[in-house]
Amino acid sequence: MRFHTVIVGGGLSGLVAGVTLARTGKRVAIVSSGQSSLHFNGGSLELLGALPDGTAVQRPLEAAASLPEEHPYAKIGVSRLPQLAADAAKLLATVGMPMQGDVSVNHYRLTPMGVAKPAWLTMGDYVTLERPDVLPWNNVLLVNVAGFMDFPVNFVAHGLREMGATVRVEELDVEPLAARRASATEMRAANLAKSLVSGSAVSRLASAINEVAGDNDEVVLMPAVLGLDDDHAVTMLRAQVSKPLHMVATLPPAVPGARLHTTLRHYFQMLGGTYLMGDTVQRGTFEGNRLTGVHTAKLADTVLQADNYVMAGGSFLSRGLMANYERVYEPVLDLDVTAPTDRAQWTRYGVFNQQPYMSFGVSVDRQFHALKGGEPLDNVYAVGSILGGHDPVKMGDGTGVAMLTALAVAQQIIDN
Amino acid sequence: MAERTQLTSISEDNFEQCLKCSICTVYCPVSAVTTAYPGPKQAGPDGERYRLKDPHYYDEALKLCLNCKRCEVACPSGVRVGDIIQKARMKHQGHGPKLRDMMLASTDLVGSMATLVAPIANFTVGLKPVKAVMHSVLGIDKHRTFPAYASTKFETWFRRHAQQEQGRFMRHVSYFHGCYVNYNYPQLGKDLVAVMNALGYGVHLLDKEKCCGVALIANGMYGQARRQAQTNIESMSTSVTRDRRPVITTSSTCTFTMRDEYEHVLGLDTAGVRDSLSLATRYIFNLIDEGKVRLAFRSDYKRHMAYHTACHMQRMGWAIYSIELLRLIPGLQLDVLESQCCGIAGTYGFKRENYETSQAIGSGLFAAVEQADPEVVVTDCETCKWQIEMSTGKRVMNPISVLAEALDLEATAALNK
Amino acid sequence: MVNEEIYNQRYDVIVIGGGATGAGTARDCAMRGLKVLLVEREDFTNGATGRNHGLLHSGARYAVTDGESAAECISENMILRKIARHCVEETDGLFITLPEDDLGYQSTFVEACGRAGIRAEVLDPEEARRLEPSVNPEIIGAVRVPDASVDPFRLTVANVIDAKLHGAQALTYHEVVGLVVNQNRVEGVKLLDHGTGRTIEVHAEVVVNAAGIWGQRLAKLAGVTINMFPAKGALLIFGHRVNKMVINRCRKPANADILVPDDTVCVIGTTSDRVPIDTVDDMRVTDEEVEVLLREGEKLAPALATTRILRAYAGVRPLVAADDDPTGRSISRGIVCLDHEKRDGLAGFVTITGGKMMTYRLMAEEVTDLVCAKLGVTAECRTAITPLPGSEPEAAAETTPRFGRKAAVGRHGTMAHQIMADTMADRALVCECEGVSVAEIKYAIEHQHVNSLLNLRRRTRVGMGTCQGKLCACRAASLMGRLSGNVPQAEAHLGEFLDERWKGVKPIAWGNTLREAQLTATIYQGLCGLDKALARKEDKQ
């Protein structure tokens, strides 16, 4: 089966590359080994939140200039970042994902534990703050769904109070959400969202919120338990609640991240892209420095052939990288990986310390050609979390790297 | 030692790969609509650790699993969540199947008997009093209409009208037609023969074909399922090795059952036949892709259709073949619907206790069908066909029937002489 | 009772050390009518009790080398099966001979077992493979013995609960920082309350040192000398059960020769290395230990080579120097019960040490006999015949379809009746891997001395499953914060919990374990910003 480009990995970076290429009419296939790590995303994308030494970043594009050369942004070239960031924002708007945020200065998202963390773009219906320590409101009504444990409402309330707000917490015991409590395990954000699709369900929730909202409350914050596939339910709810209403992300699987994924995938498929969900690329066939085809677990003898291949399989948790007792490796093509052979150097004691394995990744040249046996492959690129050179958890740059490297590579492929 | 230390984790159904990320729970159609089911993570890998400790931790609610395998498709870690659940049911389920379940599961036996008296059977099961008895006594939901039984079985038709001429072709395949084609809808089998003949392939029946057993597995009749599976594996093996004929099918569920469930759930060795067993759309697509056959379409063909990816089709990852094949038809406007479960899951939706759950699960798909408003819904699964026809009133066709309709069979035959 | 009231009582006996021995001693003393206070500087089972195999020895392991210990083991083994039914799983054990081992040892072993009263049945290797499919198929010999697995956390807490039911008091996070000594008589202890930072004196007729490896330091506070030889033992926990029976090597005891099925997991161990006494508070498993455990473990059950490892941990055996050896080099075997009045002229102070977790009850009985003799109490020991709370015979076994309930009954035995799961909200599972409900957590907090998430883990298995606390740690922390009203503390406990989990993961961080760790970091630090929440607290201080 022939394609212009085959993308290995269907998460944020794979989809951004796929959409960018498919928009130019290219025939693109994405092979995705299950659902992506966007399901752990709370509705914000981040460009750069901190430097490698931990210094907080306010102006990510300016701060990017001081990043070490192994950082993917340095590879892209700092001068290209503003344009790519603008393209990324535009792409999200085009697919139907309106975002808040200004690339020149970070805003702050509110986490499921009530912490303000730097962000670049945040979904329209979620909390954004201008500063990490001050809230734009004095009186906050924080609601939770009774019995919903994936939103530590007291932690969020505490965090908001630390920022100086007066917080009232109310638990809503409202159908059809209350009925979900009958399950000991499945009262999860996504399942609540599936109960909050119809107009009547949303209206019930809206009246329950309005009932507890007091005159003093300036804003209502609630866990992100609606809007799994689109923003219809959220829009309906916001229209019916008497106060300004914003979502706060929950513990995963997170509704906003799942929505972002679904939205991008739908758009990609609408453009005619082929998205092979639940299949895994197992190996490739090479001719010299060119990859000529990849084999998947399910298509078996049907080889996926393409002019270009983009490796977007993510880091360890997504199995884009693997580690065993002996080594760190890239499991599909056995690409070169930057990681010490001594296992003791992969990790450090202290769970909150910077962990070396977080920065491991596939070796690439400055055009993001993946290296194999020390040589760059002509038509294989690596983008997103499979790249090393930075710690996305500590630096707050994972989604930014995913989008910008994907865009950079997709544009390079188009220009070729 | 056979394995080097800690190079990889090997466990049955990859159950140890589970990171407890819970993504599978987002894509379970059952727990989306009922709280009685503990969800794929709890029923699967979580429960399995406890069942390994002591079978007494088995939870009867596992019977609510549809076996749609959407948890497996969603799993980023390759865990065969659905297989874990099916195997747990097989190992630990407390009681034997009910009469109703045995009836629903014995597609071969009931089909053979019904075909003999098709008009009466069709008439009888459609009668209100009969439906009421089936509903209350047997627990087969009254809303359900049994698919009509054909008066002539496909096999009978084939032997009388088609078998003789198959020898004249240069290349050959065997056809596993399945119960549905044989008893309820021989036309699909006839379409398959027509299309394959036009492509220059002779079509043959297997020496002996038994129901694939999907309904037996679903209803806990594992011994019977295993016996039938063994017969099928032997027949297919004979076809592949003795006759050098690959085996093709027109049912995604039969294909999935024989390729994957035989090995993963029933523990049978399918190595000799698995790679040679394919859905007809995949087989034909690959022939085209490799330049071995060419198609000529009717110039007057103009239809608007919507393709529904059945659960097992999604699990096999083969929807791409049917879709790509349909996209070759010049006059066909094809909408590809978001893959979601229709709720019938074989015999599941026929059971009175599951009717509401079944329809609630399918509601998303029905809405999508209504929105797309095609003339025809296309799918590779026969039970999805019943469910979609009953629930949306749309006509539902198998891609092979669409192909048979859209091809200029004579011109195609001429191209592939 | 509030702590203040506890401090102000005068006790017959204060037992120091919340391991199995201390808890068992508190129970025995209380059952004989003594007024008892049990004090523990950290959490119950924090020492060697909570860091071993969880093996209910049949005694077979010691049969050849130490017949006395072997006899003690089998006798206690049979007792614990009865009195601690809900903590014991009757798995039986195999002693296997591999081609590299001397099959001749088997007959020596079986004879020794016979002398010690341990049923030892020689099996055909074929039969052994059938009974235990995970066993190394190359075995040339196998002996079946009545080994079993025991949950030391449950066992210890059940002893504490019973002690309290008999009128004892117990304090955790109370460290003995000094002894009240008056004219060669110990009259009480100086306690540092780690919760408040206060130091309190509490008085008693007799003080029992049951502090395990920390007993050396404690003795020093009393001005007497006990020489301990800390022997570090490292173990690995695998993600699920590979074996149904305990698997041992039939040879002289060596490294990594026991594989025990414990609850939902299995454990291989141990190594044995002398370590300096000043390192016993922070045991870390080294790469070399991991390698030995894997290399030897695979020989018992080859599947371990490809089974996911959950974590590594290490404990310290409190081996005691023999009193009769002036060089202080040789180690006492078995139980050591020291009457410091006789030995050192210090009245009101006794030490119980040596022994094994397995023989905790017998140790408790010996030291309680001594305490009673000192106090002139003649009551007889009944701990061997009285079931622990949770293990009482039950009229009718509880049948329930719910997983969480079944898991709770598995953990708490008949005490599970007290877990009030009447509402849907209380039945919700906090920890899905281990089936721990909101109700069970509330119960543990109310009845089982739970001050932190780490304590809760030991009582309920929260966070002990495959993911080591992916969602449940946050859910449980939030719930604890809600019950205590102290959110910063709950957040701090969450941080501590994750760090403690990571300490166990770090030595084996590869494969799925590393993937899991990355996902945990992505959720707690990336998505949630827990690290920032904790830093916020530090900034304020």
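Of the residues in the range B:193-216, at least one is touching a strand residue (DSSP E or B) at 6+ places or on another chain (Cβ under 9 Å), in a helix (DSSP H, G or I), modelled with pLDDT of 95 or more and open to solvent by 10 Å² or more (accessible area, probe 1.4 Å). When we screen A:V310, A:V303 for residues that are more than 26 Å from B:C68 (Cβ to Cβ), buried (at least 21 other Cβ atoms within 10 Å of the Cβ) and in the same structural domain as A:D391 (by TED's automatic domain parsing), the only hit is A:V310. Screening C:L37 against (1) assigned to a helix (DSSP H, G or I); (2) under 27 Å from C:S452 (Cβ atoms) leaves a single unmet condition, (1).
In a residue-by-residue description of the range A:214-233, the property of being open to solvent by less than 50 Å² (accessible area, probe 1.4 Å), over 30 Å from A:V134 (Cβ atoms), assigned to a helix (DSSP H, G or I) and more than 14 Å from chain C (Cβ to nearest Cβ) applies to at least one position.
Which fully enclosed strands (runs of 3 or more DSSP E) of the range C:79-179 have 2 or more residues being without any contact (Cβ under 8 Å) to a residue 60 or more places away in the chain, of a type outside the set (S, T, N, Q) and open to solvent by 10 Å² or more (accessible area, probe 1.4 Å)?
C:121-123
Out of the residues in the range A:317-353 that are farther than 21 Å from A:A382 by Cβ and within 14 Å of chain B (Cβ to nearest Cβ), state the one that is surrounded by the fewest Cβ atoms within 10 Å (Cβ to Cβ). Residue satisfying both the conditions and the ranking: A:E326.
Residues in the range B:274-306 that are open to solvent by 80 Å² or more (accessible area, probe 1.4 Å), within 14 Å of chain A (Cβ to nearest Cβ) and more than 30 Å from B:Y262 (Cα to Cα): how many? Of the residues in the range B:274-306, 1 are open to solvent by 80 Å² or more (accessible area, probe 1.4 Å), within 14 Å of chain A (Cβ to nearest Cβ) and more than 30 Å from B:Y262 (Cα to Cα). If you scan the range A:270-306, which residues turn out to be over 19 Å from the mean Cα position of the chain (by Cα) and within 26 Å of A:T94 (Cα to Cα)? Selection gives A:M270, A:L271, A:G272, A:G273, A:T274, A:L276.
In this structure, C:L235 qualifies as touching a Lys or Arg at 6+ places or on another chain (Cβ under 8 Å) and not in a loop (DSSP other than H, G, I, E, B). Scanning the range B:333-346 for residues that are closer than 25 Å to A:G273 by Cβ and either polar (S, T, N, Q) or open to solvent by 20 Å² or more (accessible area, probe 1.4 Å) (or both) yields B:Q333, B:L334, B:D335, B:V336, B:E338, B:S339, B:Q340. Considering the range C:486-497, the residues that are in contact (Cβ under 8 Å) with a residue 24 or more places away in the chain and open to solvent by 10 Å² or more (accessible area, probe 1.4 Å) include one that is farthest from the chain's Cα centre (by Cα), namely C:P488.
Matching residues to (1) open to solvent by 10 Å² or more (accessible area, probe 1.4 Å); (2) without any contact (Cβ under 8 Å) to a residue 60 or more places away in the chain:
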residue: C:V206; (1), (2): no, no
residue: C:W214; (1), (2): yes, no
residue: C:K220; (1), (2): yes, yes
residue: C:K232; (1), (2): yes, no
residue: C:L236; (1), (2): no, no
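Against the list (1) more than 13 Å from chain A (Cβ to nearest Cβ); (2) open to solvent by 40 Å² or more (accessible area, probe 1.4 Å), the condition C:L483 fails is (1). Pairs meeting the criteria (first residue in the range B:354-372 and farther than 14 Å from B:V396 by Cβ, second residue among the hydroxyl-bearing types (S, T, Y) and outside any helix (DSSP H, G or I), beta carbons under 8 Å, at least 6 apart or on different chains) are B:T357/B:T34; B:A360/B:T34. Annotation: B:T152 fulfils all but one of (1) of a type in the set (V, I, T); (2) more than 24 Å from B:F256 (Cβ to Cβ); (3) assigned to a helix (DSSP H, G or I); the unmet one is (3). Whether any residue in the range A:361-375 is open to solvent by 10 Å² or more (accessible area, probe 1.4 Å) and part of a helix (DSSP H, G or I) is what I want to check. Within the range A:361-375 (the criterion being open to solvent by 10 Å² or more (accessible area, probe 1.4 Å) and part of a helix (DSSP H, G or I)), the answer is no, since none of the residues qualifies. Which condition from (1) more than 11 Å from chain A (Cβ to nearest Cβ); (2) open to solvent by 10 Å² or more (accessible area, probe 1.4 Å) is the one that B:V33 breaks? All conditions pass for B:V33, except number (1). Considering only residues in the range B:317-369 that are among the hydroxyl-bearing types (S, T, Y) and within 14 Å of another protein chain (Cβ to nearest Cβ), the one that is nearest to B:M103 (Cα to Cα) turns out to be B:T357. Do we find that C:I508 is within 29 Å of A:G320 (Cβ to Cβ), open to solvent by less than 30 Å² (accessible area, probe 1.4 Å), within 7 Å of chain A (Cβ to nearest Cβ) and β-branched (V, I, T) in this structure? Judged against the criteria, C:I508 is not a match.
Looking only at helices (runs of 4 or more DSSP H) that fall completely inside the range C:389-474, which ones have 2 or more residues that are open to solvent by 10 Å² or more (accessible area, probe 1.4 Å) and within 14 Å of chain B (Cβ to nearest Cβ)?
Working: elements: C:403-412, C:424-427, C:438-447, C:453-460.
By residue number, C:403-412, C:424-427.
Restricting to the range B:1-30, name every residue that is outside any helix (DSSP H, G or I) and touching a residue at least 60 places away in the same chain (Cβ under 8 Å).
Correct list: B:C18 only.
The rows are residues; the columns are (1) assigned to a helix (DSSP H, G or I); (2) farther than 26 Å from B:Q314 by Cβ; (3) open to solvent by 10 Å² or more (accessible area, probe 1.4 Å).
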| site | (1), (2), (3) |
| --- | --- |
| A:A22 | yes, no, no |
| A:P68 | no, yes, yes |
| A:Y108 | no, yes, yes |
| A:M113 | no, yes, no |
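Determine whether C:E516 is under 25 Å from the mean Cα position of the chain (by Cα) and either at pLDDT 95 or above or within 7 Å of chain A (Cβ to nearest Cβ) (or both).
No.
Counting the residues of the range B:300-323 that are closer than 13 Å to B:K69 by Cβ and part of a helix (DSSP H, G or I) gives 6. Applying the condition of being more than 23 Å from B:E338 (Cβ to Cβ) and touching a Ser or Thr at 6+ places or on another chain (Cβ under 9 Å) to the range B:44-75 and asking which residue is most open to solvent (accessible area, probe 1.4 Å) yields B:L52. Restricting C:M424, C:M415, C:M464, C:M420 to residues that are closer than 23 Å to C:G47 by Cβ, at pLDDT below 95 and among the aliphatic types (A, V, I, L, M) narrows the list to C:M464.
Is it true that some residue in the range A:43-63 is in a helix (DSSP H, G or I), of a type in the set (A, V, I, L, M, F, W, C), over 20 Å from the mean Cα position of the chain (by Cα) and surrounded by fewer than 23 Cβ atoms within 10 Å (Cβ to Cβ)? Can you show your working first?
The initial filter retains those residues of the range A:43-63 that are in a helix (DSSP H, G or I), namely A:60-63.
Going one step further and asking which of them are of a type in the set (A, V, I, L, M, F, W, C), we end up with A:61, A:63.
Subsequent filtering for residues that are over 20 Å from the mean Cα position of the chain (by Cα) retains A:63.
Narrowing further to those that are surrounded by fewer than 23 Cβ atoms within 10 Å (Cβ to Cβ): A:63.
Yes, there is a match, as at least one residue in the range A:43-63 is in a helix (DSSP H, G or I), of a type in the set (A, V, I, L, M, F, W, C), over 20 Å from the mean Cα position of the chain (by Cα) and surrounded by fewer than 23 Cβ atoms within 10 Å (Cβ to Cβ).
Residue pairs whose Cβ atoms lie under 6 Å apart, sitting 6 or more positions apart in sequence or on different chains, and linking a residue in the range A:146-175 that is more than 9 Å from chain C (Cβ to nearest Cβ) and outside any loop (DSSP other than H, G, I, E, B) to a partner that is among the basic types (K, R) and surrounded by fewer than 18 Cβ atoms within 10 Å (Cβ to Cβ), are A:V167/A:R161.
The values are calculated or read from the model by the stated rules, or taken from the named source; none is laboratory data. No experiment lies behind these values; they were computed from the predicted model shown. No Cβ is skipped: glycine too gets one built from the backbone with ideal geometry, and neighbour counts run over all protein chains shown. Ligands, DNA and RNA are excluded from the accessible area calculation, which covers all protein heavy atoms including side chains. Shrake-Rupley method; radii C 1.70, N 1.55, O 1.52, S 1.80 Å.
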